[in-house]
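The values are calculated or read from the model by the stated rules, or taken from the named source; none is laboratory data. All values derive from a computational prediction rather than experimental measurement. Note that each Cβ is placed from the backbone with ideal geometry, even for glycine, and that neighbours are counted across all protein chains shown. Accessible surface areas use protein heavy atoms only, side chains included; no ligands, DNA or RNA. Shrake-Rupley method; radii C 1.70, N 1.55, O 1.52, S 1.80 Å.
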Amino acid sequence: MALEARSEAKLDRAVIFLGPPGSGKGTQAKELAKVYGLPHLSTGDMLREHVSQGTALGVKAKPIMGRGKLVPDSLVLRMVAERIARPDCRHGFVFDGFPRTVTQAKYLGELLKQHGLQQPLVLHMAIASPVLMRRLTGRRTCKVCGALYNVYDRPPQAAGICDYDGGELVQRPDDREEVIRERLHAYEQQTAPLVEYYRRLGSLQDIGADGSFEEVKQRMFESLAGSGGVR
Ligand code: AP5
């Protein structure tokens, strides 16, 4: 389906990007949200915002995120429930980084029922782990607009400066090798079981997340078109 045609199409449901750190969840979730006019909800971004504002939640989350561990379900669930209750989520949303545990997935299922939304469409970003370290150590993010770059594979036109608004490009504090290893471990232990959880529910599509940004994007839209999830 051509991009122009897609902008007429509707998703009207929750979409979840599931995959290890560096698999491209944020990169592709932003694309999907833009095309379908849905809010992009990243629990990682929400938590980082709490950290930078020094809220009570941010103070609790900061050291946990700094070690590459998952923030406790109780803290994340309240934050997510508040966000989904806002009017812009009435016709669905694109989640990146949530749910990350079976408890979070079950809770999301209940929340969707309460809001009259059907069960989520889950896009599993499948990728071999050797690629991930390079992607994460090379990632840079615009301080102003949040645009994502990679110094190896998607560099900005001028080093350290955002192509869109000239904002400063920064490295995330948890994108250091030792913390990345912990994040990958947390994914294997706590989040990877969700792949089978959602596969059993029949709502999961595997997307090959290795390859160029454009190749992965193409696979994502083809998979969505084939899922019957687009109207
Ligand atoms: P979060 O912010 O969610 O990080 P993550 O899951 O570790 O995922 P990343 O954002 O690192 O990777 P991504 O898959 O989005 O990849 P991206 O598109 O950026 O979470 C951070 C922390 O917050 C957690 O450790 C935890 O403490 C806490 N947290 C968050 N949610 C939580 C929850 N629900 N429960 C508990 N705790 C929670 O791409 C990465 C790089 O690769 C970029 O440079 C990009 O340009 C590049 N790239 C992308 N696609 C390609 C491609 N096809 N080819 C080449 N390069 C590419």
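Of all the criteria given as (1) surrounded by 14 or more Cβ atoms within 10 Å (Cβ to Cβ); (2) in contact with a helix residue (DSSP H, G or I) (Cβ under 8 Å, 6 or more places away or on another chain); (3) over 19 Å from G68 (Cβ atoms); (4) not hydroxyl-bearing (S, T, Y), the one not satisfied by V195 is (2). Quick one: would you say T27 is outside any loop (DSSP other than H, G, I, E, B), of a type in the set (V, I, T), surrounded by fewer than 16 Cβ atoms within 10 Å (Cβ to Cβ) and within 13 Å of the ligand (Cβ to nearest atom)? Against the criterion (outside any loop (DSSP other than H, G, I, E, B), of a type in the set (V, I, T), surrounded by fewer than 16 Cβ atoms within 10 Å (Cβ to Cβ) and within 13 Å of the ligand (Cβ to nearest atom)), T27 does not qualify. If the condition is being open to solvent by 20 Å² or more (accessible area, probe 1.4 Å), among the aliphatic types (A, V, I, L, M) and either in contact with a strand residue (DSSP E or B) (Cβ under 6 Å, 6 or more places away or on another chain) or under 15 Å from I16 (Cα atoms) (or both), then the stretch 35-50 contributes only L38. Within the stretch 51-71, one or more residues are in contact with an Asp or Glu (Cβ under 8 Å, 6 or more places away or on another chain), near the ligand (Cβ under 9 Å from one of its atoms), open to solvent by 50 Å² or more (accessible area, probe 1.4 Å) and within 30 Å of T137 (Cβ to Cβ). Of all the criteria given as (1) over 15 Å from T43 (Cα atoms); (2) among the aliphatic types (A, V, I, L, M); (3) open to solvent by less than 80 Å² (accessible area, probe 1.4 Å); (4) more than 11 Å from the ligand (Cβ to nearest atom), the one not satisfied by V94 is (1). A single member of R172, R181 is outside any helix (DSSP H, G or I) and open to solvent by 30 Å² or more (accessible area, probe 1.4 Å), and it is R172.
For every residue, the table says whether it meets (1) more than 8 Å from the ligand (Cβ to nearest atom); (2) in contact with a helix residue (DSSP H, G or I) (Cβ under 7 Å, 6 or more places away or on another chain); (3) basic (K, R); (4) modelled with pLDDT under 95.
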| site | (1), (2), (3), (4) |
| --- | --- |
| L136 | no, yes, no, no |
| R140 | no, no, yes, no |
| D153 | no, no, no, yes |
| D165 | yes, no, no, no |
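I need the full set of residues from the stretch 181-231 which are among the acidic types (D, E), within 14 Å of the ligand (Cβ to nearest atom) and under 23 Å from L32 (Cα atoms), in order please. Those that are among the acidic types (D, E), within 14 Å of the ligand (Cβ to nearest atom) and under 23 Å from L32 (Cα atoms): D210, E214, E215. Selection within the stretch 142-151: residues that are open to solvent by 40 Å² or more (accessible area, probe 1.4 Å) and in contact with a strand residue (DSSP E or B) (Cβ under 7 Å, 6 or more places away or on another chain). The member of this set that is farthest from the ligand (Cβ to nearest atom) is K143.
The condition (being more than 9 Å from the ligand (Cβ to nearest atom), surrounded by fewer than 14 Cβ atoms within 10 Å (Cβ to Cβ) and under 18 Å from Q119 (Cα atoms)) is satisfied by just one residue among A85, A14: A85.
Please find, within the stretch 120-134, the residue that is modelled with the lowest pLDDT out of those that are β-branched (V, I, T) and not in a loop (DSSP other than H, G, I, E, B). Outline the logic, then answer.
So the first thing to find is which residues in the stretch 120-134 are β-branched (V, I, T), and the list is 122, 127, 131.
Checking which are not in a loop (DSSP other than H, G, I, E, B) leaves us with 122, 131.
Numbers: V122: 97, V131: 91.
It comes out as V131.
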